[in-house]
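Following: one structure in structure tokens, then a few remarks.
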Amino acid sequence: QKRVREEAPVLHICYVLYGTRSSRHGRVPKSGILWFRRGQVFHLVDCLGGDPWLGQCFFFLRVSPGPNPSIAKHTLVVLDLRTPSDHHNWQATLQNESGKEVTVAVTSTPNAILGKYQLCVKTGKHILKSEENILYLLCNPWCKEDTVFMPDEDERKEYILNDTGCHYVGAAGSIKYKPWNFGQVMISPCSSEEWTLTPPLCVWQMSFEKGQGVLVGNWTGDYQDGTAPYKWTGSAPILQQYYSTKQAVRFGQCWVFAGILTTVLRALGIPARSVTAFDSAHDTEKNLTVDTYVNENGEKITNMSRDSVWNFHVWTDAWMKRPDLPKGYDGWQAVDATPQERSQGVFCCGPSPLTAIRKGDIFIVYDTRFVFSEVNGDRLIWLVKMVNGQEELHIISVETTSIGKNISTKAVGQDRRRDITYEYKYPEGSPEERQVMDHAFLLLSSEREHRRPVKENFLHMSVQSDDALLGNPVNFTVILKRKTAALQNVNISGSFELQLYTGKKVAKLCALNKTSQIQGQVSEVTLTLDSKTYINSLAMLDDEPVIRGFIIAEIVESKEIMASEVFVSFQYPEFSVELPNTGRVGQLLVCNCIFRNTLAIPLTDVKFSLESLGISSLQTSEHGTVQPGETIQSQIKCIPIKTGPKKFIIKLSSKQVKEINAQKIVLITK
């Protein structure tokens, strides 16, 4: 009689990742939960309760959550060691038998669903199913078959592994560097109890409905029941707070939304970069023009000017293939987490291929028309006149080069700005750029409703401003270009207001008027804004102030009118930081800060703060009021808890100066 051998039950399973254990390929966090990248081999060491025999051993990988895993939907993977054949391109092969341990090599398919998997092992009648047998599967930009494959190693290091970086803010003529700790290595993908994601194309669809999602947007300037957006310096504290409270964190603005999304994408293995466009448009009418209506004093008529131009806007580019589109649209895709417009019923934007944006293919999905208008479009300035009690509209200026300037991101491997405007659009004024605009208008099936105003003599007008120290007067230089060099009179009218970077008016400052005689084909006229006009208004907002000037010039003899707009963001004095080049885990690290107030005004509620991914929490030091010309010193102490090169961000803030940043990288060892 033939004896039937009983199968040995599997008692427990160990995950083993051969080779590097860095965040490039996989990691075992302190929780013991393991994550791998798609298309990568990992090994299971099965500890058996009897003699090893895998005659009837099956591995079940079930995507969680979901009550009904399905092989057809790729949410259930069954691997049979008796046959070397694959299952939806998943593979499992016996590698080694040693005593009661059996090693099995498992390779996931490069297009597997991202998310949380639970492993079950069946040997004969025995089934091992444990909550400890959990693994997480991420995208793999090192795998050529993965839809997020990025061929350049330096770019992979920057856009996947680099956990620090920056955003660029300010104005087109005064770009500022804002350091940011992305901290994707700190937020294990298993931070969420239950999650499953479809392919990378859909990862971007993050809903930011009011009260839902990770972050609440606030552009009012009132942040009493939360944190002012400019105070955040990294993503990890926001994500940790959201995870612990399960409540949306208050508050964020565009760079905070972009920072969070960039962090999440990098954590999932999708290459991502933060991108800033200066003079970014919000075309509410979706007609590829940005319309501004002003009265004869140069004051914006807010109930008519529904379109807006932000001094800057920050979003995220994600790298992926687009198998849903015709050939040619792979690569960088614009994804915008800031809730501006609903797309398919929810607040989300993208992914929009940069190739489509550059070519003006505005109906390529998703939301390409909206992103295209953010960095392109003709800006029209309309003068509203009252004639016999009726409003008359006159186009006084058509600007074709004022939208989407200095599109910026951090350079690969360097702390410097890289201009990527050419990836989004052709050079302004070039034949290709005009052809793209014509192509976009053609796709809209509409003709331009505007025509350039005919000018007999007045050719061009622009306004420049010097870098302005807070508390000092601000000079505006109006540059006029004419066909003639003859002596003429010009009336200059300027309207000035304090606003947010989004264009929202906070306070009217003043109006300036000046009549000058000009001679020569190029002439300059200067308007000076006294500091007294804006100093007292700064306390009205808990945000970085921007001065907007709208200037109208009229040639008296010919009655020709032109207009232009200018924005000024203030410059601040720097402060010095003394911080050791090296430190040790568990040992005191001291940061000395020295600041001299070179401004003409006192600074109140002055505070220094220090933050790093190498320490446990934000450290602060308060200093009250600092008078003009006064020098203060501050000492901040911290204890590093993590090894490696760690970027320390030191910030000075006050009621008048919202933030001055400094940073230094310190090598932390054991």
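The values are calculated or read from the model by the stated rules, or taken from the named source; none is laboratory data. No experiment lies behind these values; they were computed from the predicted model shown. As a convention, Cβ positions derive from the backbone with ideal geometry for all residues, glycine included, and neighbour counts pool all protein chains shown.
Brief remarks follow.
- Scan of segment 521-543 for residues that are charged (D, E, K, R) and without any contact (Cβ under 8 Å) to a residue 60 or more places away in the chain, ordered by number: Glu524, Asp530, Lys532
- Candidates Tyr230, Tyr223, Tyr243, filtered to the one that is surrounded by fewer than 24 Cβ atoms within 10 Å (Cβ to Cβ), touching an Asp or Glu at 6+ places or on another chain (Cβ under 7 Å) and in a helix (DSSP H, G or I): Tyr230
- Pairs with Cβ under 6 Å, 6+ apart, first in segment 284-297 and over 20 Å from Glu560 (Cβ atoms) and surrounded by 21 or more Cβ atoms within 10 Å (Cβ to Cβ), second polar (S, T, N, Q) and at pLDDT 90 or above: Leu288/Ser373
- Restricting segment 246-265 to residues that are polar (S, T, N, Q) and crowded, with 18+ Cβ neighbours inside 10 Å, the residue that is farthest from Ala318 (Cα to Cα) is Gln253.
- In segment 341-356, the qualifying residues are those that are buried (at least 17 other Cβ atoms within 10 Å of the Cβ) and either touching a helix residue (DSSP H, G or I) at 6+ places or on another chain (Cβ under 8 Å) or part of a loop (DSSP other than H, G, I, E, B) (or both), and the one that is modelled with the lowest pLDDT is Cys348.
- Restricting segment 635-670 to residues that are under 20 Å from Thr227 (Cβ atoms) and of a type in the set (A, V, I, L, M), the residue that is modelled with the lowest pLDDT: Val657
- Some residue of segment 88-98 being in contact with a strand residue (DSSP E or B) (Cβ under 7 Å, 6 or more places away or on another chain) and modelled with pLDDT under 75: yes
- Scan segment 357-397 for residues that are free of Cβ contacts under 8 Å to residues at least 60 places away in the same chain, touching a strand residue (DSSP E or B) at 6+ places or on another chain (Cβ under 9 Å) and of a type in the set (A, V, I, L, M, F, W, C) and the total you get is 5.
- Residue match in segment 300-309 (condition: assigned to a loop (DSSP other than H, G, I, E, B) and among the β-branched types (Val, Ile, Thr)): yes
- Filtering segment 580-608 to residues that are surrounded by fewer than 20 Cβ atoms within 10 Å (Cβ to Cβ), of a type outside the set (Val, Ile, Thr) and closer than 12 Å to Phe648 by Cα leaves Pro580, Asn581.
- Breaking point among (1) crowded, with 19+ Cβ neighbours inside 10 Å; (2) modelled with pLDDT of 95 or more, for Phe550: (2)
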